[in-house]
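Data first, discussion second: the structure below is written as structure tokens.
Every number here is computed from the coordinates shown, using simple stated rules; none is lab data. Being a predicted model, the structure only gives us computed values, none of them experimental. So basically every Cβ, Gly included, is an ideal-geometry build from the backbone, and we count neighbours across all protein chains shown.
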Amino acid sequence: MRGRSDGGQKKRLIIAFCVVAIFLGFLYAYCGSVFGSSSRGAAALEYGSRSLRKLGSSYLGGDDDADGKQYEGEEDAIPKTFPVCDDRHSEIIPCLDRNLIYQMRLKLDLSLMEHYERHCPPPERRYNCLIPPPPGYKIPIKWPQSRDEVWKANIPHTHLAHEKSDQNWMVVKGEKIVFPGGGTHFHYGADKYIASIANMLNFSNNNLNNEGRLRTVLDVGCGVASFGAYLLSSDLITLSLAPNDVHQNQIQFALERGIPAYLGVLGTKRLPYPSRSFELAHCSRCRIDWLQRDGILLLELDRLLRPGGYFAYSSPEAYAQDEEDLRIWKEMSALVGRMCWRIAAKRNQTVIWQKPLTNDCYMEREPGTSPPLCHSDDDPDAVWGVPMEACITPYSDHDQKAKGSGLAPWPARLTSPPPRLADFGYSSEMFEKDTETWRQRVESYWNLLSPKIEADTLRNLMDMKANMGSFAAALKGKNVWVMNVVPEDGPNTIKLIYDRGLIGTTHNWCESFSTYPRTYDLLHAWTVFSDIEKKGCSAEDLLLEMDRILRPNGFVIIRDKQPVIDYIRKYLSALHWEAVATADSSSDADHEGDDVVFIVQKKMWLTSESLRNSE
């Protein structure tokens with residue numbers, strides 16, 4: 001009896017020990033999972049560690065594997081989830097993050113606005129998390145209603161409404177922010193101000209487009225971009241430019257409204273636009289010291305203006321009579337005179353200067369006149385990270401002979417072969433074929449998207465590799481605008497895009513784009529991922545960046561090789577994206593290449609904090 005009792009007790013002890021061991025093992029696994037994911041999320045609150053971000057055998061900035069193929073990595077290298085960034089990062093712009101500047105102790109000259117220029121995080125300090133929408137975020141109001149009002153919850157910043165209350169920039173009304181169309185120098189509305197500028201220039205019907213001769217406009221220090229918003233009805237497209245400065249969120253408001261805009265500053269580097277891009281530049285009390293550094297900022301505008309282009313300047317110096325304003329006006333008048341600009345019109349608070357049509361005036365200046373002409377080996381279209389120069393960019397032989405840009409009026413210029421085609425050795429036939437190819441491709445895209453979109457679903461579009469701009473040209477009949485992006489290391493075709501009456505910028509997709517989160521409705525990525533692979537950059541970083549700038553419910557059209565599409569499919573659940581349509585290139589009318597078209601949609605998701613606020 002004792003033997004059996006001892007044996008049974010021992011058996012029970014062993015069973016109990018096993019149960020406890022299993023329980024402890026389960027508890028250890030569970031806690032490790034919880035605290036592991038928690039620590040990953042905590043790390044993502046600031047800058048994510050890159051040590052676990054292997055893609056196959058390729059790291060951003062690291063050595064590639066023998067084959068250099070990101071898209072043939074192992075299955076288990078693909079993360080199943082991304083952590084969500086802290087709510088305080090809901091408006092992060094990684095390359096324009098002042099916190100990064102402080103943390104990295106960058107020594108920048110504040111007087112030259114260097115702290116508002118691009119400074120991107122090194123690979124080990126990049127975010128590895130999804131940017132959350134702000135609490136209470138709603139799907140944006142549709143265009144054209146969005147021109148005049150947006151949801152306050154989407155951009156919960158009302159300080160501009162109070163700070164600029166006397167200038168009619170914006171007004172808070174309940175759950176919305178309303179834009180009456182005012183500005184620093186046009187309190188009574190941008191439409192009246194625009195008509196007055198056209199009247200000063202004696203343009204017919206007080207229409208600033210001057211029968212299609214004016215098309216592209218640069219608005220420097222644009223505020224909330226009401227000037228550009230009201231020009232759209234005149235078939236003028238404005239690139240509204242402002243830094244992320246003390247008047248934060250100006251560009252964010254502009255893009256939320258559906259108005260073309262870009263974060264940038266006249267600092268030390270050239271703006272990322274080619275020479276001879278804009279017919280009109282505008283500055284309404286933009287608080288820029290145009291006389292600094294031998295007029296280098298005014299000379300940057302000169303580089304960007306077309307032959308015969310205008311600079312409309314509304315500021316106290318143009319009309320005030322106090323001693324300091326008179327001094328600035330006298331010095332500025334002398335400077336633009338030496339630049340061969342002439343006053344086209346001057347009335348009340350506004351002066352409009354005009355750039356010469358030819359090089360004749362430059363050649364007639366006294367030897368040694370400042371500012372000098374730029375050296376002949378200077379490329380006026382090299383812009384990515386290129387310092388500004390205090391010199392005048394003379395015209396090409398073509399512009400000199402044509403006595404102007406030689407562009408057709410809008411809208412004919414959209415489909416007319418641009419004069420600068422010859423710079424690339426492209427023929428008119430190549431241009432016309434490209435235009436027709438993309439017309440057919442865009443028609444195919446819209447057929448694939450049609451079950452998901454209505455006439456007002458899309459407004460802000462981006463072509464991430466725009467080539468000659470034919471994707472955007474094919475969308476002329478749609479109520480959309482396109483930010484055309486040309487990679488900084490490829491053919492510099494951005495000038496052809498501007499010659500067509502479109503807008504865009506140069507960019508390196510190994511870095512973050514200069515825009516706020518949730519600012520584009522559709523991204524078009526034609527072989528962008530294949531290009532990233534060749535540069536040794538991380539496709540995962542690019543996916544996270546695309547997610548950052550894409551609005552909830554927005555779309556991505558990826559046109560690339562099948563391995564790229566297969567790779568991206570593995571990330572859909574991690575990004576909260578869902579597949580909408582897939583088609584191979586044989587479904588296109590042009591029947592060229594072996595690309596696959598893959599369309600995805602970003603789901604609307606909210607953090608627990610956002611849900612509480614929404615409720």
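Pairs with C-alpha atoms separated by more than 30 Å, drawn from the list Lys465/Lys602; Lys142/Lys534; Lys269/Lys465; Lys138/Lys476; Lys192/Lys603, are Lys142/Lys534; Lys192/Lys603.
Distance from the C-alpha centroid of the stretch 378-452 to that of the stretch 478-533: 14 Å, rounded to the whole angstrom. Sparse packing (at most 16 other Cβ atoms within 10 Å of the Cβ) combined with a DSSP loop state is found for none of the GluC sites (Glu not before Pro) in the stretch 275-340. Note that the stretch 502-541 carries a Kirkwood radius of 11.8 Å, evaluated over its alpha carbons pair by pair. Sorted largest first, the spans of the alpha carbon positions of the stretch 291-420 along the three principal axes are 50, 35, 32 Å. Return the FRET efficiency for the residue pair Lys403, Ala455: r is the Cβ-Cβ distance, R0 is 45 Å, and the value is rounded to the nearest 0.05. It comes to 0.60. Under the simplified labelling scheme, the Cys361-Lys570 pair shows an inter-label distance of 6.0 nm, with each label point 7 Å from Cα along Cα→Cβ.
Residue by residue, the stretch 144-156 carries 3J(HN,Hα) couplings of x, 4, 5, 4, 10, 7, 9, 6, 4, 4, 6, 9, x Hz when phi is fed to the Karplus relation 6.51 cos²θ - 1.76 cosθ + 1.60 (θ = phi - 60°); x denotes Gly or Pro. Restricting the trypsin sites (Lys or Arg not before Pro) of the stretch 253-357 to loop positions (DSSP other than H, G, I, E, B) with no more than 13 neighbouring Cβ atoms within 10 Å leaves Arg287. Once the convex hull of all Cα atoms in the stretch 454-599 is built, its volume per residue stands at 119 Å³. Shape index of the stretch 186-235: Rg/Rh, with Rg the Cα radius of gyration and Rh the Kirkwood radius from the inverse mean 1/r over Cα pairs, equals 0.94.
Geometric descriptor of the stretch 252-295, per residue, is 126 Å³ (volume of the convex hull of the Cα atoms).
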